[in-house]
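Chemist: Below are the structure tokens for one structure; questions will follow.
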Amino acid sequence: MKLLLVLSLLVPHQILAPEDWRIVKGARLGDRASALLDVAATGPSDAWAVGYGCGAEDSEGCPGVERWDGVRWRKADVPWRSYHADGVSADSPRNVWVAGNGETAAAAHWDGLRWRTYQPFGAAQYHRVNDVAVAGQPWFAGNTPNGSAVVVGWTRTRGFYPAFSLGGSLNAITARRSTGDVWAVGITGTQPLVIHGDARGAWGNMLLPPIQDGVLTRVWQVAKNNVWVVGYAGKTLADSRPIALRYDGKTWRQVPVPVARGRLTGLTGDGAGQVWAAGVNTDLGERVMFVRLPSGSVSYGPRLPIPDQRDYDPQTVTKVSIARIPGTKRGMWAVAAAGGGDREAHFILRSG
């Protein structure tokens, strides 16, 4: 209690240890370094977390896919040749897509009974798919070796097809079935990038406020005139500051985040009109940071038992993803990667 009081005085207007975030035991992803990079949920008894295990400074790693069955997290074996699973999205327990990367970009679909695996770019090397969004059909955000950011769609009749591309790099994508909107975010040059596709099949990149070295990591659509993106500005974790922007249907405006150093890498809606971002404040790096938008109120999860990093610095959370749990009042999952090198570790947290 005294520690929380002292930290609260050091970090004004921020709340430590929110009322119900707790650490949940995840599946074992091997004996070496591991990380979880994305999470999705379709209900209280069905959630997916993806990342990698078997990692080390001298190893590319092996894909890590975990499934929550309402009682515990269990490892799911996906029959593909990838080093990492980077993104996951689902709109039902029988329509789950995972994006991953190895020597080639990879995708996998779970239909409730079995996995089917695909190569979105065929056998072409050095292409990547960094995220996937499911809204009936899946949409993938990726990069090509010639420096292009590309959105790829998939249907049963067409298979994989390029929907839009331009110079840059994409980190995340979201889609809303009710409106037909698709949003993808990343970076172009030294400025943040937002790509939008609508129900008519029209695509384009959007005009944003200039943010030097700005990188967008996540996007979430609440409504047609209410879209959020988050990320950071800075070239390294140590010198980054978190950023958030909101689209009102006409203009993008930056929203203040009261944290001097850190990154936002997760974003979700709570189903009641509020948006939650997640990431790290590098001054409190052993806790996951949660930011409620648009209020900007900041809270923190419990202290994570990050392994001693020995020769690797820093001993801090590096990436967080967050997802609402449909069918619950306030439930959310968060997954985090922390540390690096041979002793990188993954954590799973739950609220509600």
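The values are calculated or read from the model by the stated rules, or taken from the named source; none is laboratory data. What you see is a predicted model; the values in this text were computed from it and never measured. Virtual Cβ from ideal backbone geometry, glycine too; neighbours counted across all protein chains shown. The accessibility values were calculated without ligands, DNA or RNA, using every heavy atom of the protein model including side chains. Shrake-Rupley method; radii C 1.70, N 1.55, O 1.52, S 1.80 Å.
Chemist: Carbon and sulfur atoms: what percent of the 1.4 Å accessible area of the chain do they account for?
Modeler: The nonpolar share, carbon plus sulfur, comes to 50 percent.
Chemist: Can you return the lysines within cross-link range of Lys250? Criterion is Cα-Cα under 16 Å, with same-chain partners fewer than 8 residues away left out.
Modeler: List returned: Lys224.
Chemist: Give me the 1.4 Å probe accessible area per residue for the chain, excluding ligands and nucleic acids, in Å².
Modeler: The answer is 44 Å² per residue.
Chemist: Further, regarding this structure: Can you find, among Thr236, Asn226, Val257, the residue sitting farthest towards the positive end of the charge dipole of the chain, where Lys and Arg contribute +1 and Asp and Glu -1 at Cβ?
Modeler: The one lying farthest along the dipole's positive direction is Asn226.
Chemist: Over what distance in Å are the Cα centres of the range 95-142 and the range 216-286 separated?
Modeler: 26
Chemist: Further question on the same structure: Rounded to the nearest angstrom and ordered from largest down, what semi-axes does the equivalent ellipsoid of the chain get from its C-alpha gyration tensor (root of 5λ)?
Modeler: 28, 24, 20
Chemist: Can you list the residues, at least 5 places off or on another chain, whose amide H is less than 5 Å from the amide H of Arg32, using H built in the peptide plane?
Modeler: Here the answer is Cys54, Gly55, since their amide H atoms fall under 5 Å of that of Arg32.
Chemist: Please get the size of the charge dipole for the chain, origin at its Cα centre, with Cβ charges of +1 on Lys and Arg and -1 on Asp and Glu, quoted in debye to the nearest 20.
Modeler: 960
Chemist: Okay, next question. Got a sec to turn the phi values of the range 220-233 into Karplus ³J(HN,Hα) couplings, 6.51 cos²θ - 1.76 cosθ + 1.60 with θ = phi - 60°, whole Hz, x for Gly and Pro?
Modeler: Working through the residues one at a time gives 8, 9, 8, 7, 4, 10, 8, 10, 10, 9, 9, x, 7, 10 Hz.
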